[in-house]
There are 4 protein chains.
Amino acid sequence: MPFERNGGTSVNFGIIGYGYWGPNIVRNLASLEDSHVIAIADVDPDSRLRAQKAYPNIKVTPYAVDIISSTKIDAVAIISPAATHYELAKAALNNGKHVFVEKPFTSTAAQGEELIELARQRNLRIMVDHTFLFTGAVRKITELVQEGILGNLYYYDSIRVNLGNFQHDVNVLWDLAPHDLSIIDHVIKATPEAVVATGERHLNHHEDVAFMTVYFSEKVIAHINVNWLSPVKVRTTLIGGERRMLVWNDLEADEKVKIYDKGAEATTKEGYYKLFVNYRSGNMWAPRLEQIEALRHELCYFVECITNGKDPINDGCAGLRVVKMLEAATRSLGKRGSLVYL
Amino acid sequence: MPFERNGGTSVNFGIIGYGYWGPNIVRNLASLEDSHVIAIADVDPDSRLRAQKAYPNIKVTPYAVDIISSTKIDAVAIISPAATHYELAKAALNNGKHVFVEKPFTSTAAQGEELIELARQRNLRIMVDHTFLFTGAVRKITELVQEGILGNLYYYDSIRVNLGNFQHDVNVLWDLAPHDLSIIDHVIKATPEAVVATGERHLNHHEDVAFMTVYFSEKVIAHINVNWLSPVKVRTTLIGGERRMLVWNDLEADEKVKIYDKGAEATTKEGYYKLFVNYRSGNMWAPRLEQIEALRHELCYFVECITNGKDPINDGCAGLRVVKMLEAATRSLGKRGSLVYL
Amino acid sequence: MPFERNGGTSVNFGIIGYGYWGPNIVRNLASLEDSHVIAIADVDPDSRLRAQKAYPNIKVTPYAVDIISSTKIDAVAIISPAATHYELAKAALNNGKHVFVEKPFTSTAAQGEELIELARQRNLRIMVDHTFLFTGAVRKITELVQEGILGNLYYYDSIRVNLGNFQHDVNVLWDLAPHDLSIIDHVIKATPEAVVATGERHLNHHEDVAFMTVYFSEKVIAHINVNWLSPVKVRTTLIGGERRMLVWNDLEADEKVKIYDKGAEATTKEGYYKLFVNYRSGNMWAPRLEQIEALRHELCYFVECITNGKDPINDGCAGLRVVKMLEAATRSLGKRGSLVYL
Amino acid sequence: MPFERNGGTSVNFGIIGYGYWGPNIVRNLASLEDSHVIAIADVDPDSRLRAQKAYPNIKVTPYAVDIISSTKIDAVAIISPAATHYELAKAALNNGKHVFVEKPFTSTAAQGEELIELARQRNLRIMVDHTFLFTGAVRKITELVQEGILGNLYYYDSIRVNLGNFQHDVNVLWDLAPHDLSIIDHVIKATPEAVVATGERHLNHHEDVAFMTVYFSEKVIAHINVNWLSPVKVRTTLIGGERRMLVWNDLEADEKVKIYDKGAEATTKEGYYKLFVNYRSGNMWAPRLEQIEALRHELCYFVECITNGKDPINDGCAGLRVVKMLEAATRSLGKRGSLVYL
């Protein structure tokens, strides 16, 4: 029966937001061994109807406060628009709930810092939904970078374009770039130093096409191309390293990640002042990737973090680092592309 | 026999530079009906050997001045490094020769303006080798834009990456972006207003990875991604318009240009303040493209321009417009990405 | 409450078989407006558990006879192994139920003929699950052929290969070729005349790699390549016609069907005995396809056929024609590839 | 000067046939260190004109007999229609010339046997132009099979289709299948036992679409799909083995050969009569392939074989084995697909 506090190590969840992504959160939390979904809140009557039909045994309510104030709930998953994250997360933390929050973490860095401090004081966990970190592809890429297979990184270059879905509250950078920024934050160990963003708005007052460069220490450069107005869907990332390079095409059914034994090195020849560039060209290989659903992996890990009292890799601090880069990009975009230091 | 002045309308060419691209120029000029190649100059003995073996009946010389001063030569094709274009073209024009010059036209806008003025005074033709304008793909794209098939343009987004060939005298923007800028200059009728460029150098003191945004009037935005350190070769351009969008993949054997009957429009519904975005999604089609070699087409047209005394579409002014955007990009890159007005 | 006979035009279904494909049948029938699922039978306890968990309100039983003998059930969907189709369908028809049966219809043509006669006598409907006929791709292809867009057909050439799933009761032809044969039967209006099949068995006593040619009247030829041992999944069909040709790649997310304005015609030139072949090469286009789930479409249509007392396009006769080609293929395969007339 | 016998180890060639493929033969033989082209014969005046223009210093003649009877010529390359191979090769061998002959070797097996015997008696070399054996792809595939990387072979399945070029003297099997058969003959060590071929003629009296199965010992099966009426060009081969499988796509610029660590094995579990099939699924890799032009490699090897008096791997016997399979296919095709033993 719902609304009974679980005696064991199981974590009881309340969900705020049952729009596009919320159902995936509920489906996974409902089927994990150590978690239960106790209640779902959504302001939209149609969403509540869908939720109730799919889960006749879960309480469905229009009021987020029902979730936040429930004594039977241990953790709140906030899957609502970005602008609402801060208020909802703050209320949840103040009521002693752990928080799982959709990306981007908050609308401003200041909000993020406040939530992190609040969670620290109350010894609660925050997890920001950087789902991609839990995909087989990003786990493999992280491993390849950490083990030095790629050598020193040169660049990270991502294209993430498609037709729609237009957001009405944020521009295309805040909508799509958090995916890339969370991966970049996770994979690149150099320090992000400055951001440049350009873009244009065509259909309303938010940019629908945008380009973002992040300068890192050690000559690492990242670039993100996001676009709501592309006739084709592209999800391709190039990562160049001194020893090897890789292509990650997330739309391929198999062989999403291909590693090329290719590279270029600068050398000097004896007696010459001039630099020479040597190319290497060898085999390509596509490692087998884990097939488990990333979101399931992530939520399972969140339950584990709550149970063990440890902070996840995608905690509030990770979410904050992404928000800081987005804030800098917004400032740069406002000046049509000036350099903004982080 | 060589070095005899042609009585008819035939144009006699001298070629300066027989490295990577020069042989293609010579092969085409030698086989056109109304042009002859009289002499080839190259400072490199190996290049001269190759030239002489392939064309036993053409004079081969180490000295560009032999070409420039020859009374039997009507037009000079300058296929040498960018830094030499200005001096060679100036000398050729001063000696009354028409000039075909490799891209980029010159190293500075000031040089370009001087050459244009010189040609004007002497009623000589300048053609800058913007070969892509003569491909079946760009001709079809131009036609689609001009006839309004795409509707008002939203953006032009090009990726031009591969492993090598590192240039030692210019960065990757000056090497690869002229292709895109010449097409952008030709296809987009809005006015370029400002440029932002970012990038990084890894192997020597020139950027090997770079990204460039060009802001145009009427909310048109162009973006160019160039990279000498990519494990895979990509030559893909997305062009978004209000009515339709297209993808040009220059590496496809057939179907290089695909037009999507897709788009998005902003509308307001009665009684709502909020903007709505409507999507359209229909057929795709790939038009049959002309198969003629672009360079042959271009050189044939140059001979015709010389004969008829008319300026080509890719004249010095077109070359200058591209150089101005490259200059602005260089200034922006020097500040790691500030906005530079044109 | 289950097991109440519906007063209106709604059709009550019983499902036999809840393995791999059965859940899709149940999901669709349960959500259609004019159908209800009353009971599910499966001999496997795990399958029954899955069914009961997903549909707490539907009766689940190990006994097919519970379905067949139920007075509350109007129609039986038989989603069990091919070898059981005949007995189950016969019992269902004898009990006055309409029958939806998985492909292949039966194991022999004689069985199929008996079922068709039985259904005719009792005025019941049989539908064989030739799902592909209801996809947007096949509907478009059928339209293109019927409207003469392709001109007279030359050939139909399908590749349907992947790794696994090995069947233990039939060979790869009986497993995969029914898809192609049902489409061929639907699309090609010429008469199938003879069959040749070759193949080899590597892992057990059923062929895992096989190739099948069907000769039709009017010089139309069909070829099917099926393989359980391919490292890559391929679902590609070429259809050549006198006027145009098409490629159907069922694994593409968009643009599954591409039509090429290409062709070849034989001509004779005046004064020559020799034949000349003229090629045409023009545009390609990819029409927008309907997006509705094929199975839903098919089941909705079955309910409509039952209600209106009309035979579906994929009735027992269509199923029988496919079985006849499979029987002929089996005979041919037994002789390692002799010609078997239909 | 032409027609002088070379003192050293250099081989003097005469070429018969300067149509589509002949120029490639001449270009390579003319640039190899140890070979010279002395004369070119072609019955077509246009071809002679092209030859003379490209090679002003080579004798060009309409008469093959000029080549065959020349005392200055050591070896004859026969690049003429298949029907002429036997007579020309016989005359050349009778005049003491080594013979390089286009595929297919001869029109009948009997002709092939006669030529082989003739060459044996006179200690002359025959090479049949099975160019694909010298490509980086086939060399790598051969190595993978020989080293047991793929394990025991299951099947070889090739698709070689495109629009045109219609041949007027042979059907599509004799035109395109020799490529595959020569590779199959080289790569598969099991013994070919029987052939089945089906096909249809649409435009004239030769089959333009055909399918061919070759049964080998040890349960190896090969299949070839050739088609002159395909809207798209496909050159893809699947090779399945017990341990690994590969895909060779000859139209890919890079990564033509991909090896999949995938497979299936039959096992029996203790206490079960039933067979179980186990699947493996692991990494994929694309080995770097040699980039040298295959034809250059082949001709260089022929010169070496002549000089050293050794028979090439693609000697008359290899050519004969291919012709025997083609002959069997023709007989099978004549009966619309009966099994023909080799």
Using alpha carbons only: equivalent-ellipsoid semi-axes of region A:142-258, gyration tensor based, whole Å: 27, 17, 10
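Using a 1.4 Å probe on the protein chains only, how many percent of the accessible area of region D:77-127 belongs to carbon and sulfur?
On the way: 910 of 1880 Å².
Roughly 49 percent of what the probe reaches on region D:77-127 is carbon or sulfur.
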C:Asn152 paired with D:Asn94, simple spin-label distance in nm, labels 7 Å along Cα-to-beta-carbon: 4.6
Alpha-carbon centroids, region B:278-308 and region B:198-262: separation in whole Å: 19
Once the Cα gyration tensor of region A:175-221 is diagonalised, semi-axes √(5λ) in Å: 25, 12, 6
Net charge contributed by nearby residues that have their C-beta within less than 13 Å of C:Ile313 (K/R +1, D/E -1): -2
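Based on the Kirkwood radius over alpha-carbon pairs, what is the Stokes-Einstein translational diffusion coefficient of region C:47-115 at 37 °C with 0.692 mPa s viscosity, in µm²/s?
On the way: Rh = 12.9 Å.
So the translational diffusion coefficient is about 255 µm²/s.
Treat the protein assembly as shown as a sphere of radius equal to its Kirkwood radius over Cα pairs and apply Stokes-Einstein at 10 °C in a medium of 1.306 mPa s; give the translational diffusion coefficient in µm²/s, rounded to a whole number. Intermediate values should be presented prior to the final figure.
Details: Rh = 35.8 Å.
The estimated diffusion coefficient comes to 44 µm²/s.
Any chance you could list the semi-axes, whole Å, largest first, of the equivalent ellipsoid that the Cα gyration tensor gives for region D:1-137, using √(5λ)?
Values: eigenvalues 95, 58, 49 Å².
Three semi-axes, in Å: 22, 17, 16.
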Charged-residue dipole, Cβ positions (Lys, Arg, Asp, Glu), region A:52-158 about Cα centre, Debye nearest 20: 440
Over 38 Å [Cα-Cα, chain D], rounded percent: 20
Label-zone membership for region B:73-97, site B:Glu113, 7 angstrom Cα→C-beta point, backbone N under 15 Å: none
Over region A:127-200, volume per residue of the alpha carbon convex hull, in Å³: 136
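Mind grabbing the interface size between D and C? I mean buried accessible area, both sides, 1.4 Å probe, in Å² to the nearest hundred.
Numbers: alone 16600 and 16640 Å², together 28560 Å².
That pair of chains buries around 4700 Å² in total.
Greater than 20 Å separation of Cα atoms is the criterion. Which listed pairs, D:Lys97/D:Lys310; A:Lys189/B:Lys335; A:Lys258/B:Lys262, meet it?
Values: D:Lys97/D:Lys310 15 Å; A:Lys189/B:Lys335 24 Å; A:Lys258/B:Lys262 31 Å.
Cα-Cα > 20 Å for A:Lys189/B:Lys335; A:Lys258/B:Lys262; rest within.
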Nearest-20 debye value, region A:139-202 charge dipole, Cβ charges on Lys, Arg, Asp, Glu: 120
Centroid-to-centroid separation of region A:12-28 and region D:310-331 [C-alpha atoms, Å]: 67
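Note down the magnitude of the dipole of chain C about its Cα centre, charges +1 on Lys and Arg C-beta and -1 on Asp and Glu C-beta and zero elsewhere, to the nearest 20 debye. Don't jump to the answer; show the numbers that get you there.
On the way: 37 positive and 41 negative charges, 63 e Å.
For chain C, the charge dipole is close to 300 debye.
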Per-residue SASA entry for D:Val196, accessible area with 1.4 Å probe, Å² rounded to 10: 0
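Report, for chain A, the % of DSSP beta bridges that are antiparallel, rounded to 5. Could you put the intermediate results ahead of the total?
Working: 44 of 71 bridges.
Here the share of antiparallel DSSP bridges comes out near 60 percent.
What is the percent of Cα-Cα separations in region D:188-326 that go past 27 Å?
Details: 4530 of 9591 pairs.
That fraction is 47 percent.
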Buried on assembly, region A:147-171 (at least 50 Å² less accessible surface than by itself, 1.4 Å probe): A:Tyr154, A:Tyr155, A:Leu163, A:His168
Residues in region B:244-258 occluded by at least 10 Å² - accessible area, probe radius 1.4 Å, against chain by itself: B:Met245, B:Val247, B:Asp254, B:Glu255, B:Lys258
Residue among D:Val170, D:Val322, D:Val257 with the largest mean-square fluctuation in a Gaussian network model of chain D, springs linking Cα atoms under 10 Å: D:Val170
Rg/Rg_ref, region B:252-342, where Rg_ref = 2.2 N^0.38 Å and atoms are Cα: 1.82
Table column - 3J(HN,Hα) (Hz), region B:285-302, Karplus curve with 6.51, -1.76, 1.60, x for Gly and Pro: 9, 10, x, 5, 10, 4, 9, 4, 5, 4, 5, 4, 4, 5, 5, 4, 5, 5
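What Kirkwood radius, in Å to one decimal, follows from the Cα pairs of region A:190-253?
Values: mean 1/r = 0.0722 Å⁻¹.
Computed over region A:190-253, the radius equals 13.9 Å.
Please compute the Kirkwood hydrodynamic radius over region A:35-82, one decimal place, Å, based on all pairs of different Cα atoms. Don't skip to the answer; put the middle values down first.
Details: mean 1/r = 0.0895 Å⁻¹.
When all Cα pairs of region A:35-82 are included, the Kirkwood radius is 11.2 Å.
Report the net charge of residues surrounding D:Pro192, where surrounding means a beta-carbon distance below 10 angstrom and charges are Lys +1, Arg +1, Asp -1, Glu -1. Intermediate results must be reported in sequence, preceding the final value.
On the way: positive: D:Arg321, D:Lys324; negative: D:Asp185, D:Glu193.
Once positives and negatives cancel, what remains is 0.
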Signed unit charges on C-beta, dipole axis of region D:127-234, positive-most listed residue D:Val209, D:Asn162, D:Val196: D:Asn162
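First select every other residue whose beta carbon is under 12 angstrom from the beta carbon of D:His223; then total the charges, Lys and Arg +1, Asp and Glu -1. Provide the component values of the computation, followed by the final result.
Working: positive: D:Arg160; negative: C:Glu200, D:Asp157, D:Asp180.
Taking every other residue near D:His223 into account, the sum is -2.
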Residue-averaged 222 nm ellipticity for chain D, from DSSP H runs of 4+ at -39500 (n - 2.57), nearest 500: -10000 deg cm²/dmol
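How much length is gained on full extension from A:Glu33 to A:Ala54, taking 0.36 nm per residue of separation minus their Cα-Cα distance? Walk me through the numbers on the way to the answer.
Details: separation 21, 0.36 × 21 = 7.56 nm, distance 1.91 nm.
That pair, A:Glu33 and A:Ala54, stretches by 5.6 nm at full extension.
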Helix D:22-31 axis, angle to chain D major axis (alpha carbon atoms, nearest 10°): 70
Integer Hz, Karplus 6.51/-1.76/1.60 couplings in order for region D:99-105, x for Gly and Pro: 10, 10, 10, 4, 7, x, 3
For region A:120-234, accessible area per residue (1.4 Å probe, heavy atoms of protein chains only), Å²: 29
Heavy atoms of C:Cys317 accessible to a 1.4 Å probe, total area in Å² rounded to 10: 60
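The values are calculated or read from the model by the stated rules, or taken from the named source; none is laboratory data. Computed from a predicted structure; not experimentally measured. So basically every Cβ, Gly included, is an ideal-geometry build from the backbone, and we count neighbours across all protein chains shown. The accessibility values were calculated without ligands, DNA or RNA, using every heavy atom of the protein model including side chains. Shrake-Rupley method; radii C 1.70, N 1.55, O 1.52, S 1.80 Å.
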